[in-house]
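One structure is given below, encoded as structure tokens.
The values are calculated or read from the model by the stated rules, or taken from the named source; none is laboratory data. Keep in mind it's a predicted model, so treat the numbers as computed, not measured. Cβ: placed from backbone, ideal geometry, glycine included. Neighbour counts: every protein chain shown. Heavy atoms of the whole protein, side chains included, go into the accessibility calculation; ligands, DNA and RNA do not. Shrake-Rupley method; radii C 1.70, N 1.55, O 1.52, S 1.80 Å.
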Amino acid sequence: MASPTHSTDLDAAAVVGRLRRTFTTHRTASPEWRRGQLTALRTLLTDHRDELLRALADDLGKGPEEAYRTEIGFTLHEIDHTLDRLDGWLAPRPAELPERLLPATAHTVREPLGVVLVIAPWNYPLQLALAPLVGALAAGNCAVVKPSELAPATSAAIARLLPRYLDGDAVAVVEGAVPETTALLAERFDHIFYTGNGTVGRIVLAAAAPHLTPVTLELGGKSPVVLDPGTDLAAAARRLVAGKFLNAGQTCVAPDYVLAIGDTAREIEPHLVAAVRETYGDDPAAADEYGRIVNTRHFDRLTALLDSGRTVIGGAHDRATRYLAPTILADVDPDAPVMREEIFGPVLPIVPVPDLDAAIAFINERDKPLALYAFTASEDTKRRLLAETSSGALTFGLPVAHLTAPGLPFGGVGESGMGRYHGEYSLDTFSHTKAVLDKPLA
Ligand code: NAD
């Protein structure tokens, strides 16, 4: 009997074969084709805005403002940024030559890789399927998109809409779960772009190895926040709450926990309470813009973490609607259950530490995070965090925001992933930079 992980009707070889035949025509390499696809993707997002917002509400209870901003608007911005700059990015770049090779000329060009695979997770199910696709198309590739089965309404919308707008012989959507992804991963791709957890990241990397396929892994982990004495705690609390409880905490770069130096651990508490009330009212369950936990497995995992500290605010939950209130836990022990895994939900532990040395040691004893945040008024603290820690990104004063800047690379380091994308970094990820040298024979 076939193993359940392989029980699928998907003919992955046929899907990839069809795209590969298209790629060999060189049609997708032309700048006109790339622009056409990006423009069509733009039209899809504006034509079907309401349908997509409904799917995101069905899957994650996302409010329309947040869903538009973080999923549709985000992707439109990425498309516009790319369309505005694509000609410059694709222009040959002159390269310097050593004198002994002269007379000669040299330059680099970015060429498409071929057929790429994009595997997306459920938490930003539209953005994380389409933003990598923007890079793949801008670089002139054919692409298979595998949306997450845990966001079924968005997955279905992507599968229904993409073929209506994009070149059907160059872009394919494969819906499904482990069997389908396993079947796809048996094929040879020219790049695999995976967003999700590190366990599956390892499966992807192992599947890519026999084909020597380059891989981008956009993973997660615990992103710490350092709270330094002397900072404006009211402002810090508002920004922490905005970053943490976005999408009910199910954001890869959400602040995972606060390393509160000295008295800030106690002093920030009333400000966090005020910020939660200001943002979500007295009953967040009734707030338009507060999401729900993706499924009961994650809901049960998260509610099991609620005893990890003293509840400052929140804790209310309802399994039937998968509602978990924005929750702040204080006096959390570094070994408490909530500190042993990425939280990926609306629970924010405050871990007191005596000083900056202790905060830096705490960070460096653990996996390199996808993001490190700090609220500090001290240039010396900033300098030390920059020099003495390693993370995918380091942001002072505004958690999560770096990922909305297409001029910045987005990606992890160590356990939080490998590779980077957004803007020109996406073009690099999905292109090969080819060296070209031309020396006259005489
Ligand atoms: P998920 O369960 O939706 O899985 C991601 C993808 O992997 C899905 O398409 C799924 O079908 C596929 N998959 C699952 N099991 C597989 C297997 N055994 N073999 C092959 N494919 C398989 O999402 P998730 O992993 O729960 O996502 C949450 C994690 O992703 C968190 O750790 C989060 O921090 C991280 N994340 C990172 C980023 C980033 O940009 N760095 C963004 C979002 C989420």
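Quick notes
- Candidates His77, His191, His317, ranked by Gaussian network fluctuation over the chain, Cα under 10 Å, top entry: His317
- Pairs with C-alpha atoms separated by more than 32 Å, drawn from the list Lys382/Lys434; Lys62/Lys382; Lys62/Lys434; Lys244/Lys382; Lys146/Lys382, are Lys382/Lys434; Lys62/Lys382; Lys62/Lys434; Lys146/Lys382.
- The stretch 396-442 shape via C-alpha gyration tensor axes, a/c threshold 1.5: prolate
- Cα lying deepest toward the dipole's positive end in the stretch 339-442, options Gly407, Ala387, Ile350, charges on Cβ: Gly407
- For the stretch 341-442, the solvent-accessible area works out to 45 Å² per residue, with a probe of 1.4 Å and every protein chain left in place.
- Seen through its C-alpha gyration tensor, with square-root eigenvalues sorted a ≥ b ≥ c, the stretch 1-136 comes out oblate because a/c lies at 1.5 or above while a/b is not bigger than b/c.
- Probe 1.4 Å - accessible area at Glu278, Å² to nearest ten: 130
- Less than 5 angstrom separates the built amide H of Val171 from those of Ala143, all sequence-distant by 5 or more or on a different chain.
- For Pro399, the shell of other residues with beta-carbons less than 14 Å away shows a net charge of +3, using +1 for Lys and Arg and -1 for Asp and Glu.
- At 0.890 mPa s and 25 °C, Stokes D of the chain from Kirkwood alpha-carbon radius, µm² per second: 107
- Scalar couplings 3J(HN,Hα) for the stretch 303-313, obtained by applying the Karplus form with A = 6.51, B = -1.76, C = 1.60 to θ = phi - 60°, are 5, 5, 8, 6, 8, 7, x, 7, 6, 8, 7 Hz; x denotes Gly and Pro.
- Cut-off under 5 Å, modelled amide H: who pairs with Leu113 long-range: His432
- Trypsin sites (Lys or Arg not before Pro) within the stretch 1-101, DSSP loop, no more than 12 other Cβ atoms inside 10 Å: none
- Taking θ as phi - 60° and the Karplus parameters 6.51, -1.76 and 1.60, the scalar couplings of the stretch 198-213 work out to x, 5, 6, x, 5, 5, 5, 4, 5, 5, 6, 4, x, 9, 6, 7 Hz in sequence order, x denoting glycine and proline.
- Within the accessible area of the chain (1.4 Å probe), percent carbon and sulfur: 54
- Solvent-accessible area per residue, Å², over the stretch 52-207 with all protein chains present [probe radius 1.4 Å]: 36
- For the chain, the longest principal axis of the alpha carbon atoms and the long axis of helix 127-138 meet at an angle near 30°.
- Computed magnitude of the charge dipole of the chain (debye, nearest 20; Cβ of K, R +1, Cβ of D, E -1): 1220
- Accessible heavy-atom area order of Asp50, Asp84, Asp428, Asp190, highest first, probe of 1.4 Å: Asp84, Asp50, Asp428, Asp190
- Rounded to the nearest 20 debye, dipole of the stretch 342-401 from Cβ charges on Lys, Arg, Asp, Glu: 160
- Charge dipole (the stretch 1-148, unit charges on Cβ, about Cα centre) - positive-most of Ala55, Ala13, Leu102: Leu102
- Charge dipole of the stretch 164-276 (Cα centre as origin; +1 on each Lys and Arg Cβ, -1 on each Asp and Glu Cβ, all else neutral): 180 debye, rounded to the nearest 20.
- Estimated vicinal HN-Hα couplings, Hz - the stretch 24-40 in sequence order (Karplus 6.51, -1.76, 1.60; Gly, Pro = x): 5, 6, 6, 4, 6, 6, 5, x, 5, 4, 4, 4, x, 5, 5, 5, 5
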